[in-house]
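Q: Handing you a structure now.
The values are calculated or read from the model by the stated rules, or taken from the named source; none is laboratory data. Being a predicted model, the structure only gives us computed values, none of them experimental. Using ideal geometry, Cβ is built from the backbone for each residue, glycine included, and neighbour counts are taken over all protein chains shown.
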Amino acid sequence: MSKLNLGEFDYSYDQMIRKFQTRLENAADFSETIQIFKEFYNYHHNIILKLGEWIEENDFLLEIHSNIINFEQRFLNYHSISPIEANFQYLREPKFLSYNDPEFKLHAIAMQGRNELALSQDIYTDEVFKRMNLTNYCFESSMFVYGLCLAQNINAKMVQIEAGYNKDKPIYNGNGFHYFVWATLNEEHYIIDVTYSQFFLWQRNILNRLGLVGITGCDPGIFMYMDPKRKKVAEALLKNGFIKVTKESLKCYLDGFTLSFRNINYYEKTNDFSFQTPYTYEDYLRFLEREDDQIKHEEKENLGYNFNASPLIIEASDQIFKILKR
């Protein structure tokens, strides 16, 4: 591509970005915002596919990444795909007047963990927590929750979910991990995850995002809402900050992460659009203990960053938007 054509393309791209910005600024409602973002992602899919290696040779991909991330943070940040909010009222309910209730401690710990996050914003109210983007708070928060568990004589451990469940073969250059607390009370196991809402922001949950070269795909949130069992687990965790571990609940919880680690190559090669996984409760226990991992079963090039432009676009249907907002 000649220098003249390069300049012409830069001008054309800048014009399109300004048009998208104007449309987003004047969107009539949030449903229209989502529709514009679907077009925005598709536009970038097409220009990346059309221009191929030229984009990387001219560092144009960095500009594309910057525009995508800036637009998402400006127009989608703090908007959740889920109608479920953290419940700060449960300890005031009559059934929790008894301190002997084993789950009273878990509700109290989850609320304290959420309070601590809200207090980090200087001015605390329940609404502050509900508006927070909890990305990158999981380690600090899990450490705090772990300490609360020990103070209540609850056996607990911090658990790290590695991207692809393999620390030695990072699929996001060492990023993309998540921490939660595994607590044991009266011989029952619980997952305490007070930053789980970070995975339900619209900014990383529009399916059209899948396949964009060099950026992450979608968060677990959208995949949790594609299955009724996963949806039930997700909403309980979003509401209470913890769930009891059963064979079903652990699979549902981790299925969301597993699906989020897949990139567009997986769907191109397998033609599997079921958005399900073959992994069992026992499989996931081995994943968490690092005795096995997703990479061994699905191949590294099908997970994490996607480095090759693909003609496949997975469309975020209007029906999904309606289901999420019911």
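Q: Report whether or not TYR172 is outside any helix (DSSP H, G or I), over 24 Å from ASN308 (Cβ atoms) and within 16 Å of the chain's Cα centre (by Cα).
A: no
Q: Now a separate question. Filter segment 212-253 for residues that are more than 26 Å from PRO102 (Cβ to Cβ) and among the hydroxyl-bearing types (Ser, Thr, Tyr) and give the result.
A: THR216, TYR225
Q: If GLY147 meets every condition in (1) at pLDDT below 90; (2) part of a helix (DSSP H, G or I) apart from one, which number is that one?
A: (1)
Q: Another question, then. On the given criteria, is GLU289 surrounded by fewer than 17 Cβ atoms within 10 Å (Cβ to Cβ) and touching a Lys or Arg at 6+ places or on another chain (Cβ under 9 Å)?
A: So GLU289 fails the test.
Q: Can you work out which of the residues in segment 44-85 that are aromatic (Phe, Trp, Tyr) and either modelled with pLDDT of 95 or more or not in a helix (DSSP H, G or I) (or both) is nearest to ASN133 (Cα to Cα)?
A: Once the filter is applied, the top-ranked residue is TYR78.
Q: So, one more: Tell me which of these GLN160 doesn't satisfy, since it passes every other one: (1) in a loop (DSSP other than H, G, I, E, B); (2) in contact with a helix residue (DSSP H, G or I) (Cβ under 9 Å, 6 or more places away or on another chain).
A: (1)
Q: Still on this structure, please answer the following. Tell me which residues, restricted to segment 11-32, are loosely packed, with under 15 Cβ neighbours inside 10 Å and among the polar types (S, T, N, Q).
A: Passing the criteria: SER12, GLN15, THR22, ASN26, SER31.
Q: Does segment 179-193 include one or more residues that are aromatic (Phe, Trp, Tyr), at pLDDT below 95 and surrounded by fewer than 20 Cβ atoms within 10 Å (Cβ to Cβ)?
A: The answer is no; no qualifying residue exists.
Q: Could I ask something else about it? So GLY211 clears everything in (1) touching a strand residue (DSSP E or B) at 6+ places or on another chain (Cβ under 7 Å); (2) buried (at least 17 other Cβ atoms within 10 Å of the Cβ) except one condition, right? Which one?
A: Checking GLY211 against (1) touching a strand residue (DSSP E or B) at 6+ places or on another chain (Cβ under 7 Å); (2) buried (at least 17 other Cβ atoms within 10 Å of the Cβ), the one that fails is (1).
Q: Which is modelled with pLDDT under 70, aliphatic (A, V, I, L, M) and either not assigned by TED's automatic domain parsing to the domain that holds ILE36 or not in a loop (DSSP other than H, G, I, E, B) (or both), of LEU106, LEU91, LEU117?
A: That would be LEU91, the only listed residue that is modelled with pLDDT under 70, aliphatic (A, V, I, L, M) and either not assigned by TED's automatic domain parsing to the domain that holds ILE36 or not in a loop (DSSP other than H, G, I, E, B) (or both).
Q: Of everything in segment 214-238, what is part of a loop (DSSP other than H, G, I, E, B) and surrounded by fewer than 20 Cβ atoms within 10 Å (Cβ to Cβ)? Give them in sequence order.
A: GLY214, ILE215, MET226, ASP227
Q: Consider ALA236 against the criteria (1) under 30 Å from ALA309 (Cβ atoms); (2) free of Cβ contacts under 8 Å to residues at least 40 places away in the same chain; (3) of a type in the set (Gly, Ala, Ser): it satisfies all of them except one. Which criterion is unmet?
A: (1)
Q: Here's a follow-up. Can you spot a residue in segment 204-212 that is closer than 20 Å to ILE295 by Cβ, in contact with a His (Cβ under 8 Å, 6 or more places away or on another chain), assigned to a loop (DSSP other than H, G, I, E, B) and in contact (Cβ under 8 Å) with a residue 12 or more places away in the chain?
A: Yes, segment 204-212 contains at least one residue that is closer than 20 Å to ILE295 by Cβ, in contact with a His (Cβ under 8 Å, 6 or more places away or on another chain), assigned to a loop (DSSP other than H, G, I, E, B) and in contact (Cβ under 8 Å) with a residue 12 or more places away in the chain.
Q: Same structure again: Looking at segment 182-192, can you tell me whether even one residue there is closer than 24 Å to ILE81 by Cβ, within 14 Å of the chain's Cα centre (by Cα) and in contact (Cβ under 8 Å) with a residue 60 or more places away in the chain?
A: No - not one qualifying residue is present in segment 182-192.
For every residue, the table says whether it meets (1) over 15 Å from the mean Cα position of the chain (by Cα); (2) not polar (S, T, N, Q).
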position: ILE222; (1), (2): no, yes
position: ILE243; (1), (2): yes, yes
position: TYR253; (1), (2): no, yes
position: ASN265; (1), (2): yes, no
position: THR270; (1), (2): yes, no
position: TYR284; (1), (2): yes, yes
position: GLU291; (1), (2): yes, yes
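Q: Go through segment 239-257 residue by residue and tally those that are of a type in the set (D, E, K, R) and either in contact with a strand residue (DSSP E or B) (Cβ under 8 Å, 6 or more places away or on another chain) or assigned to a loop (DSSP other than H, G, I, E, B) (or both).
A: Final tally of qualifying residues: 1.
Q: Could you grab me the full set of residues in segment 258-276 that are assigned to a helix (DSSP H, G or I) and among the hydrophobic types (A, V, I, L, M, F, W, C)?
A: Passing the criteria: LEU259, PHE261, ILE264.
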